[in-house]
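Below is one structure; the comments refer to it alone.
The values are calculated or read from the model by the stated rules, or taken from the named source; none is laboratory data. Only a predicted model underlies this, so the values are computations on that prediction, with no experimental measurement involved. All Cβ positions, glycine included, derive from the backbone under ideal geometry; neighbour counts span all protein chains shown. These area figures cover heavy atoms from the full protein model, side chains too; ligands, DNA and RNA do not enter into them. Shrake-Rupley method; radii C 1.70, N 1.55, O 1.52, S 1.80 Å.
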Amino acid sequence: GEVSRISAQYAEALAKNLNTTALICDRDHILSAAGPGRRDYPDRRVSLPLERLMENRVPYSYSGHPDEALYPCEETSRHILAAAPILAAGDVVGAVMCLGEDRRIRPSDQMTKCIAVACAFLGDSFVS
């Protein structure tokens with residue numbers, strides 16, 4: 001429907017502007033993916049760590065320590081660089097995230113800010 005169309009367009013814009021893989025999920029599955037490796041993600045179930053990240057209701061930024069890397073779903077090579085929950089009418093309805101392959105790289109301020117804007121925009125879309 002409308003939410004998946006909007007999330008696909010937003011994922012594409014994030015991926016192009018941040019030169020990364022961008023994912024948007026609801027509480028259970030990946031809705032939209034754009035950028036490198038995008039075909040590996042749509043309709044996959046979100047990982048338990050990603051579920052917990054959403055439940056915590058706070059933005060996440062990768063620390064740069066490989067042993068602390070979180071993955072969006074099982075059996076994927078790209079880890080989450082930065083993510084934030086999408087809130088609609090006070091409820092967590094999903095998340096926006098950017099992925100990376102190089103475990104030495106941390107997310108930029110630009111990336112975390114773009115994700116926050118995406119979450120605010122998409123939260124309004126999930127409500128209407």
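Values computed for the structure shown
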{"item": "Loop trypsin sites (Lys or Arg not before Pro), segment 23-58 (other Cβ atoms within 10 Å of the site Cβ: 15 or fewer; DSSP)", "result": "ARG57"}
{"item": "FRET efficiency for ASP28 and SER77, using Cβ-Cβ distance with R0 set to 25 Å, rounded to 0.05", "result": "0.70"}
{"item": "0 to 90° range, to nearest 10: angle between helix 2-18 axis and the chain longest Cα axis", "result": "30"}
{"item": "The chain, helix-only ellipticity at 222 nm - DSSP H runs n ≥ 4, -39,500 (n - 2.57), divided by all residues, nearest 500", "result": "-11500 deg cm²/dmol"}
{"item": "For ILE86, distant residues with modelled amide H under 5 Å away", "result": "VAL93, GLY94, ALA95, VAL96"}
{"item": "Accessible area per residue in Å² at 1.4 Å probe, computed on the chain", "result": "53"}
{"item": "With every protein chain in place, segment 47-114: carbon and sulfur % of accessible area (1.4 Å)", "result": "49"}
{"item": "GLU68 paired with ARG39, simple spin-label distance in nm, labels 7 Å along Cα-to-beta-carbon", "result": "3.5"}
{"item": "Residues with amide H under 5 Å from that of TYR71, placed H, sequence gap 5 or more", "result": "ILE80"}
{"item": "Gained length - ARG5 relative to GLU55, 0.36 nm times residue gap less alpha-carbon distance", "result": "15.5 nm"}
